[in-house]
Amino acid sequence: MTPPIPRWLRAALASAALVAAVTAVIALLEPRIPALGLGVLYLLAVVPIAVVYGGAVAGAVSVASMAAFTYLFLPPRYSLDPGTSERWSVLAAFLVSSLVVSQLAARLQREARRSARLADEQAALRRVATQVARGVPPPEVFAAVAREVGLLLGVDATHMGRYEFDGTATGVAAWSSAGDHIPVGTRVNLEGESVAGLVMRTGRPARMRGYDDASGPGAALGRQLGLRSSVGAPIVVDQRLWGVMIASSKGDGWLPADAESRIAAFTELLATAIANAENRADLARLAEEQAALQRVATLVARGTRPEEVVAAVVDEVGRLLRVDSASICRYESDGALTFVAAWGRAVELFPVGSRRMLGGHNLGTIVFETGGSARIDHYADTSSGPIGVAAREAGINSSLAAPIIVEGHLWGVIAAGSMLEQPLPADTEARLASFTELVATAISNTEARTEAAASRVRIVAATDEERRRVVRDLHDGAQQRLVHTIITLKLAQRAVQNEGEDVPALLAEALEHAGQATAELRELAHGILPAILTQGGLRAGVDALASRMPVPVQIDVSVGRLPAAVEATAYFVVAEALTNVAKHARAGHAEVTARIEDGTLGVQVRDDGVGGARADGSGLVGLADRLAALDGELRVESPADGGTNVAAAIPLPG
């Protein structure tokens, strides 16, 4: 391929040709027109040169034209001396005129070129802006900008790159006049010297001339493409450095001084296109996330079994976050983690039902120890422990987890992991946490249903046992007395008919058995619900209980009559607590308080005994069931050697 002719040589050849042509015309006209009047024709050589090559070259052509005119046409011929002052004046006037005309022509040409360039630039910007306004996909906008910048600046190649988290840049668009540009998708390390690296480190436009002595992968790529000069401008999206736009030339000269500002006009449009695309992506992602949450919430609302809910959650999380694995685990009392749901790579790594012991540096252990969300990037470099080793062997690189809190207690953890080099996005923890609330609700609902079912079973069993006790007591006590009374009265009746002497004794015996039966029936009824409670209220019932205690009991019951169910439940709380004080506490003193605050009856029984009472004892569990029937709560605090405090809260109706 023939190398291009240098500009200076083209200017010299064109100037010589024009001067020679005008000289030939003057030579033809000289016999008929005075020579001094023909010198102005040399402007026909000066003006074109000024327009094409500028005022400096035109000035040289003016001097050369004057010398040729003097040497060839003014006597004495073939001499550079004009001879007379008049001729000197004419030549000087011609020289000044040609210089002025050449400068004016050059200036007009510069203005014309500037106007044309500005028009071309505005047209290019309008074309790109139209694509941005129409919502054209970013890759098409990137390709259009790369081409427009290349043609507008008259360079050999343009490249657009997106900065990555690991100090590299990924090519998103490229153009070259020869078709030998860097392929889109090429990833280049920005260590060493390169325009892309300078822009990334400074956040400002940068330029380089010559890659021969530069180091780094970027410089090597520039040498491979034969680039000699490059200029780049940053692409800033929402005040963050997103990427870079670069224009490069294979020529020896510098790129225009205003190249940075002209590229910057396009980077602003690029930033708008990128921001619009990201906003659209965010809206689509939000809609997708809300749809996933709604699907899971529907399952929870329908009372779907927790196993199905957690399986649906990890499936939604895996697809929504575009990760390689997702799992849900439950913390066990023995320091282990049980996997209750798995998706993606986790199905092989951590099958449902498998267990891993906590310990080391891994997400399960971090969440257990802190109770908060956790993230590990570069898992292979930092993880340890049974869970960390398994994840590392599976190639998980970036992973995060969020705690599942059920009724204020840490129940388990939900985790997601990616095998890609770049970390998961910064907002992934928040998106993951939105699912943990639904999982917690499903688990809480199931536990509540299970507890309610168990409570109903206990209540039914307690009711049956109480019924059997009442039947047994009636059979063994009052019923036997009444039967004995009837038999005695029948004997007395026969004695009356036979006029026997033992009638008074039989009647006395019958009366005695009837009285004992009445007393036993009264005692039985007292065991079910004491008369003093139904007649005198909670204060009277507590006073009666305290009067039978072997230790002093301080009473502070500041409530009046209450609904029957509330009153009876509060009474049985005090009765059970005081019974435990008398039997087990080895206390020297007890206190009973009852008061109403914010529409809730609070009952508290405190002693100064040895403590250590168990909340899962049959009596206290029965009280908890009785309170639950009224939406109440039971709290038992009984540290060793710290006494016992039994507190109940019962909402009042209305």
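The values are calculated or read from the model by the stated rules, or taken from the named source; none is laboratory data. None of the values given here were measured: they were computed from a predicted structure. A quick note on method: Cβ atoms are made from the backbone with ideal geometry, for glycine too, and the neighbour counts reach across all protein chains shown.
Odds and ends about this structure:
- Residue that is modelled with the lowest pLDDT, among those in the range 526-556 that are assigned to a loop (DSSP other than H, G, I, E, B), surrounded by fewer than 17 Cβ atoms within 10 Å (Cβ to Cβ) and among the aliphatic types (A, V, I, L, M): 529
- Search result, residues across the range 148-167 that are within 17 Å of residue 231 (Cβ to Cβ) and either of a type in the set (Asp, Glu) or surrounded by fewer than 16 Cβ atoms within 10 Å (Cβ to Cβ) (or both): 148, 151, 154, 156
- Test for residue 578: is it surrounded by 15 or more Cβ atoms within 10 Å (Cβ to Cβ) and in contact with a Lys or Arg (Cβ under 9 Å, 6 or more places away or on another chain): yes
- Just one of the listed residues (365, 298) is farther than 16 Å from residue 428 by Cβ, among the β-branched types (Val, Ile, Thr), surrounded by 21 or more Cβ atoms within 10 Å (Cβ to Cβ) and without any contact (Cβ under 8 Å) to a residue 40 or more places away in the chain, and it is 365.
- Options 28, 43, 36: the member that is at pLDDT below 75, more than 30 Å from residue 178 (Cα to Cα), among the aliphatic types (A, V, I, L, M) and surrounded by fewer than 17 Cβ atoms within 10 Å (Cβ to Cβ): 36
- Test result for residue 245, closer than 16 Å to residue 153 by Cα and crowded, with 21+ Cβ neighbours inside 10 Å: yes
This table checks each residue for (1) farther than 18 Å from residue 141 by Cα; (2) of a type outside the set (Gly, Ala, Ser).
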site: 164; (1), (2): yes, yes
site: 176; (1), (2): no, no
site: 195; (1), (2): yes, yes
site: 199; (1), (2): yes, yes
site: 206; (1), (2): yes, no
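- Per the conditions (1) at pLDDT 80 or above; (2) aliphatic (A, V, I, L, M); (3) assigned to a helix (DSSP H, G or I); (4) closer than 18 Å to residue 236 by Cα, the sole criterion not satisfied by residue 151 is (4).
- Candidates in the range 604-654 are the residues that are among the charged types (D, E, K, R) and in a strand (DSSP E or B); of these, the one that is farthest from residue 586 (Cα to Cα) is 633.
- Pairs linking a residue in the range 407-419 that is within 12 Å of residue 372 (Cα to Cα) to a residue that is among the hydroxyl-bearing types (Ser, Thr, Tyr) and assigned to a strand (DSSP E or B), with Cβ atoms under 6 Å and 6 or more positions apart or on different chains, are 412/331.
- Meets criteria (closer than 18 Å to residue 364 by Cα, under 22 Å from the mean Cα position of the chain (by Cα) and without any contact (Cβ under 8 Å) to a residue 60 or more places away in the chain) for residue 326: no
Rundown of residues vs (1) assigned by TED's automatic domain parsing to the domain that holds residue 206; (2) in a helix (DSSP H, G or I); (3) modelled with pLDDT under 75, yes/no style:
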position	(1), (2), (3)
263	yes, yes, no
272	yes, yes, no
293	no, yes, yes
310	no, yes, no
313	no, yes, no
327	no, no, no
339	no, no, no
351	no, no, no
360	no, no, no
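- Selection within the range 315-325 - crowded, with 16+ Cβ neighbours inside 10 Å and not in a loop (DSSP other than H, G, I, E, B): 315, 316, 317, 318, 320, 321, 325
- Test: residue 135 is closer than 30 Å to residue 193 by Cα, among the small types (Gly, Ala, Ser), modelled with pLDDT of 70 or more and surrounded by fewer than 19 Cβ atoms within 10 Å (Cβ to Cβ): no
- Here residue 232 passes the criteria (1) of a type outside the set (Phe, Trp, Tyr); (2) surrounded by 15 or more Cβ atoms within 10 Å (Cβ to Cβ); (3) touching a Gly at 6+ places or on another chain (Cβ under 8 Å) except the one numbered (3).
- So residue 170, is it surrounded by fewer than 20 Cβ atoms within 10 Å (Cβ to Cβ), under 22 Å from residue 141 (Cα atoms) and touching an Asp or Glu at 6+ places or on another chain (Cβ under 7 Å): yes
- Test result for residue 237, β-branched (Val, Ile, Thr), buried (at least 16 other Cβ atoms within 10 Å of the Cβ) and closer than 14 Å to residue 158 by Cβ: no
- Any hit, the range 221-244, residues being among the aliphatic types (A, V, I, L, M) and free of Cβ contacts under 8 Å to residues at least 24 places away in the same chain: no
- Hits in the range 191-208 - residues which are exposed (fewer than 14 other Cβ atoms within 10 Å of the Cβ) and out of contact with any helix residue (DSSP H, G or I) (no Cβ under 8 Å at 6 or more places or on another chain): 201, 202, 203, 204
- Residues in the range 399-449 that are closer than 24 Å to residue 382 by Cβ, at pLDDT 75 or above, small (Gly, Ala, Ser) and surrounded by fewer than 17 Cβ atoms within 10 Å (Cβ to Cβ): 430, 433.
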